[in-house]
Amino acid sequence: MPLSTQSQADDEQYVLVASLDNARNLSNILKAIAFKDHAIFSATPNGLKVTVEDSKCLQANAFIQAEIFQEFTIREDSVGFQVNLTVLLDCLNIFGGSTAPGVSTALRMCYKGYGYPLTLFLEEGGVVTVCKINTQEPEEPVDFEFCSTNVTNKVILQSESLKEAFSELDMTSEVLQITMSPSQPYFRFVVKNLKLLSTFGNSGNAHYDYPKDSDMMELFRCDKTQTNRYKMSLLKPSTKALALSCKVSVRTDSRGFLSLQYLVRNDDGQICFVEYFCCPDEEVEE
Amino acid sequence: MDCVVTGGNVKVLAKAIHSLSRIGDELYVEPQEDGLALRSVNSSRSAYACFLFAPLFFSRYTIPSGHTFRCKIAIKSVQAVFRSLATLEKTVEKCHIELDEQKNHLTFTLHCKHGLMKTHNLSFQDSESLQAVFDKDSYANVFRSHPRLLVDTVVHFPPSLEEVTVSVSDERMWVRNHVEEEADQSKAMLTELCLASDEFDHFAVQAHNSVTFCLKELRGLLVFAESTGLPISMYFDEPGSPIVLSVTDSVLEGNFVLATLSDDHNHRKNNTKRECTLPPPPPDDFMNDDIDAYLIAMDTSIAPGPSATCLSTPPVADSICSKQSAAANHRTRLHSEEEEEEEEEEYETADSGRPPNKKFCSLFFGSVLSPSSQMTTQPVTSQEVLASDSEDDVQ
């Protein structure tokens, strides 16, 4: 395989080398957070974390552990850079992204350090492509200060039921209201059809209720009744991650900040995580 | 009002609502003793549809006691409840429809698998009664067929096509697109299909009429009928009188009533006259597809009439075909068509010089006083008359 014939000497210049036999194990998960052009890459010996943010109200993180990679070498405690995620995804799919069984693009991602471009060696069927993507100074991701000790309500659901609900939610509504409570209605999404307000006065609203004893519900731990509203435009990107996932955990903290954690299995059945943090629109105490 | 629909009927209800959405923007809901009536009408009042679901369609059916309740809801809001038919089938166990008169809300609650409950509170407005006046059982021509036949016929017309003309003789039905006189004749394409009577389950013609109506509004019914497999019955009379298409089974009845173009009185008289003076058509010879034979047939079978002055014997490309002589042309075309084969003809039409008067008659909405009405969709309780657009029709 051409990629492995690189000399050892080359390798020493890189502070980060990560290889995958199937580039889709990286590209699929990155697509789930690709709602903005730029992404902050942060690598540690544990693995790779890719962060995308929107106007300081929404943040998505994808975690790909070191074990997922066929090779993961890092020469510093922490390596960080920023790249254009759209360009990176285009490169990862440069061979056309064929889903034929047995056909996959191999990837070797190398980074020499501050100021150097991110180099991608991609190979499929004996053809090798080298891509060099300019990197930028990594911005500091917003710290949402979401810690597990502050979590008031937590629910873990199988994604299947949520996928269907989200796909039906009237995406043109501006706001989604989420209520989590130890008593009825337990877990509820409310969509207010603001779009139709003008033609028919208040045209009504819709809500989706999940009972705590549903067989879709894997964990239900709600300490207090909380209702929070979130801009639909901020939640919409998370539907991509939802579509890929098999389980999702929904947590809110005392400030009403929302954390959505998605468990994604890649092509090889390995587990990766995607996490979305979202600020509330305004607090509504009921 | 408190109704519950379970299992597969939820999908049927959803499909009915989607097909009503092809007619108008508002859904008129009226729970009646004989069932739940869902109706829609288009803005020009030239198309009306009504689905009546009998109490047996529901697993629970309770209507407001004492007073009649009627309302209208933005049909898009109701469609949002039943957005994905595939999902409905897979996950919805039952649908509960409840009326909250204080809050002016009609609540649709879908009980789904895994305990998920989807609740939609839809605002409604009080509405007047919406009933079209028609008595399909009195119409001269009645047909019934599997929806596949009509779907397969309609597929030959472009989706943008506005109007079609349906003409019948004792043994055949022709369906062709209707081209406006004002349209650019050099770019007009005419498509015509001929259906034989044995393709229908029931084919009863009393008057050799030709009616022109809007196809677009009908497509909703075709989709509904095809997916439920219910046969479609078609009723029409003379031009100007509406055409009614219905589907029915033991627990539901759907009627789509579309206005048809009316010729003015003059034409109608001439048509009738021509029917009497035409020589009997030669025996059907469908094996003869020869274009020359077609031309000759056009030449000789056309009986002169007061408004048939435009007909002459030029070749097909220049043949003049006016609306007034439409009936005659139908009969002549019959000779060269192959049985049960659908043909597409392309030929140019030119103005006959005097554009005929035509206007779509609005359906007459008003109080129903027909004593013999067996129509369960036509309860005689309403005496409210809605103004028709008849002022516009006077020529």
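Just so you know, all these numbers are worked out from the coordinates, no wet-lab data involved. Computed from a predicted model, the values in this text were never measured in an experiment. All Cβ positions, glycine included, derive from the backbone under ideal geometry; neighbour counts span all protein chains shown.
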- Ordered by fewest other Cβ atoms within 10 Å, a rough proxy for footprinting exposure, A:Y116, A:Y111, A:Y186 read A:Y116, A:Y186, A:Y111
- Task: From other protein chains only, count the Cβ atoms within 10 Å of every residue's Cβ in A:155-165, then give the mean.
- Result: 2
- Message: Give me a comma-separated list of calculated 3J(HN,Hα) values for segment B:208-214, in order, Karplus coefficients 6.51, -1.76, 1.60 applied at θ = phi - 60°, integers in Hz, x for any Gly or Pro.
- Response: 7, 9, 9, 10, 10, 8, 7
- Item | Computed label-point distance, nm, for sites B:D201 and B:R219 using a 7 Å Cα→Cβ extension | 2.5
- Under 1.5 on a/c is rounded, so check that first for segment A:1-154, then, if it is not, pick prolate when a/b is larger than b/c and oblate when it is not; a ≥ b ≥ c are the square roots of the alpha carbon gyration tensor eigenvalues. prolate
- Task: Could you line up A:K112, A:K240, B:K90 from fewest to most neighbouring Cβ atoms inside 10 Å?
- Result: B:K90, A:K112, A:K240
- Among segment B:203-228, those whose backbone N falls under 19 Å of a label point 7 Å along Cα→Cβ from B:E171 are B:203-209
- Could you list which residues have their amide H under 5 Å from that of A:H38, counting only those 5 or more apart in sequence or on another chain, with H placed in the peptide plane? A:L85
- Hey, what do the phi angles of segment B:101-116 turn into as Karplus ³J(HN,Hα) couplings, whole Hz, using 6.51/-1.76/1.60 and θ = phi - 60°, x for Gly and Pro? 5, 5, 8, 6, 10, 10, 9, 9, 10, 9, 8, 10, 4, 6, x, 5
- Message: Which entries of A:K224/B:K72; A:K31/B:K72; A:K56/A:K132; A:K56/A:K247; A:K192/B:K113 have Cα-Cα distances beyond 32 Å here?
- Response: A:K224/B:K72; A:K31/B:K72
- Item | Contact order normalised by residue count of segment A:212-267, Cα under 8 Å, 6+ apart, percent | 27
- Message: With n ≥ 4 as the cut-off for DSSP H runs, can you work out [θ] at 222 nm for chain A, using -39500 (n - 2.57) per run divided by the number of residues, rounded to the nearest 500?
- Response: -4000 deg cm²/dmol
- Item | Compactness of segment B:1-153, expressed as Rg and Dmax over alpha-carbon positions, Å | 16.3, 53
- Note on the structure: Partner shielding of B:83-92, as the mean number of partner chain Cβ atoms within 10 Å, equals 2
- Cut-off under 5 Å, modelled amide H: who pairs with A:T135 long-range: A:L118
- Query: Lys/Arg Cβ at +1, Asp/Glu Cβ at -1, dipole of chain A taken about the Cα centre: which of A:N205, A:A243, A:T135 is farthest positive-ward?
  - Reply: A:N205
- Residues A:T149, B:T260 in order from fewest to most other beta-carbon atoms within 10 Å are A:T149, B:T260
- Message: I need the phi-derived Karplus couplings for segment A:259-268: 6.51 cos²θ - 1.76 cosθ + 1.60, θ = phi - 60°, integer Hz, Gly and Pro marked x.
- Response: 10, 10, 10, 10, 9, 10, 9, 7, 3, 9
- Query: What are the residues whose amide H is under 5 Å from the amide H of B:T191, where those residues sit 5 or more places off or on another chain and H is modelled from the backbone?
  - Reply: B:N177
- Task: Positive end of the charge dipole of segment B:127-251 (Lys, Arg +1 and Asp, Glu -1 on Cβ, about the Cα centre): tell me which of B:P239, B:W174, B:G220 has its Cα farthest that way.
- Result: B:G220
- Item | Fully extended contour minus Cα-Cα distance, from B:S186 to B:S160, at 0.36 nm per residue | 7.5 nm
